1. Between Gln49 and Asp207, what is the FRET efficiency for a Förster distance of 25 Å, r being their Cβ-Cβ separation, to the nearest 0.05?
2. Could you tell me whether the stretch 26-79 comes out rounded, prolate or oblate from its Cα gyration tensor? Rule is a ≥ b ≥ c as square roots of the eigenvalues, rounded for a/c under 1.5, then prolate if a/b exceeds b/c, otherwise oblate.
3. Under 5 Å between amide H atoms, partner at least 5 residues away or on a different chain: which partners does Gln148 have, H built in plane at 1.01 Å?
4. Got a sec to turn the phi values of the stretch 220-232 into Karplus ³J(HN,Hα) couplings, 6.51 cos²θ - 1.76 cosθ + 1.60 with θ = phi - 60°, whole Hz, x for Gly and Pro?
5. Could you name the lysines in cross-link range of Lys272, using Cα to Cα under 24 Å and dropping any fewer than eight places away on the same chain?
6. In terms of the Cα gyration tensor, with a ≥ b ≥ c the square roots of its eigenvalues, is the stretch 98-170 rounded because a/c is under 1.5, prolate because a/b exceeds b/c, or oblate?
7. I need the shape label for the stretch 86-386. Rule: rounded when a/c is under 1.5, else prolate if a/b > b/c, else oblate, with a, b, c from the alpha carbon gyration tensor.
8. Testing the spin-label approximation: label points 7 Å from Cα along Cα→Cβ at Gln42 and Ala74. State their distance in nm.
Amino acid sequence: MSAILNAPSLSPSSVPSKPALVGMSRAELGDALGTVGVPEGQRKMRVAQLWHWLYVRGATDFDAMTNVAKDLRARLAGQFVIGRPEIVTEQISEDGTRKWLFRFPSRGAGRPVEIETVYIPEEGRGTLCISSQVGCTLSCTFCHTGTQKLVRNLTSEEIVGQLMLARDRLGDHPGQVAREGAAVPSTGRLVSNIVMMGMGEPLYNFDNVKQALAIAGDGDGIGLSRRRITLSTSGVVPMIPRTGEEMGVMLAISLHAVTDETRDRLVPLNKKYPIAELLAACRAYPGLSNARRITFEYVMLKGVNDSLADARQLVKLLSGIPAKINLIPFNPWPGTDYECSDWEQIERFADVVNRAGYASPIRTPRGRDILAACGQLKSESERIRIRERMAMEAMIAGAD
């Protein structure tokens, strides 16, 4: 493991003085051009130019946009920035997984905010796990992110910015080469898949996530296929139909239990939207087919949800839903009360599911040594504040 770009001390930050172009829709980009004096009749052409430079070429400086008039570049630079988060740290796991701690300016009074983004290189593809919120409201008891309170939603700029900076760091824009020592796929795009599985619940930030994923999937820009974009939700049932209709991306459900009693404990959102309602929404998901299956994520917790009876009930619950079931060995984090199921038990569980006709891969844990695996993400600044508070409480207790 290695860490680079040590974090400077956190301090309050003002609202950015200039808006960013990254994350704007085409219509918003056209309006932005209007504010710098571009006539309405020229805006469509200029939007296309900027879109190419931002999302195909990965430009980070207006001066790089060589087919844009020099005076227009100067006017844009005077009122806008292109938009990238600040890298606080970059950690590289022994298995090649990368985790970035990104910092964004405050949106109003208060401190800057930080989120984590993870890149997982595999043969034939590279997957970027993107965050949608700073912290989370759901308090899933097995998830480290759930111990960090929600600070705010990320904007579309901040969501797309994670993708753009990852591509910058990996050398994934045309004409670039991978950074020395980077573990990346040997062929094809370095970031070929994105998953909204980082910090936060994407469907509680629907509009910003929708706009960001539309930009990621735009064929004249980043151009990722919607079949390579997956949104994971803990089960915000009313938003699931809209996700299929308005985003058209692949859907993943954080299920993790087969009874409401157990799921209420693991995923408290289940008390509002119980399993029967969640699965009814899945069965009605727009475009659902054997070619466009829903992925059900199931974390394996020793003595909690890993019995063979649970496996049989899981198969029964999902009957009739075109589905894949990802079994996720629990990834421990400091302070957790859960243990990972024994490997032999995970394999027995998978055998039951496989015999029922479901693809049931056991997800190989990646990036555990840098707390980058599923369920382990949490802003480092939040960890530091908790450690400082615990140290202070211990000192006060010792003085009594």
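1. Numbers: r = 27 Å, r/R0 = 1.06.
Efficiency, from the Cβ-Cβ distance: 0.40.
2. oblate
3. Cys136
4. My calculation for the stretch 220-232 gives 9, x, 5, x, 7, 5, 5, 6, 10, 10, 10, 10, 9 Hz in order.
5. Lys272 reaches Lys149, Lys210, Lys316.
6. Taking the square roots of the gyration eigenvalues as a ≥ b ≥ c, the stretch 98-170 is oblate.
7. Numbers: a/c = 1.40, a/b = 1.33, b/c = 1.05.
Since a/c stays below 1.5, the shape of the stretch 86-386 is classed as rounded.
8. 1.4 nm
Laboratory data are not the source of any read-out in this text; all were calculated from the coordinates shown. Remember, predicted model here, so these are calculated numbers, not experimental data. Don't worry about glycine lacking a Cβ; one is built from the backbone with ideal geometry, like all the others, and counts go over all protein chains shown.
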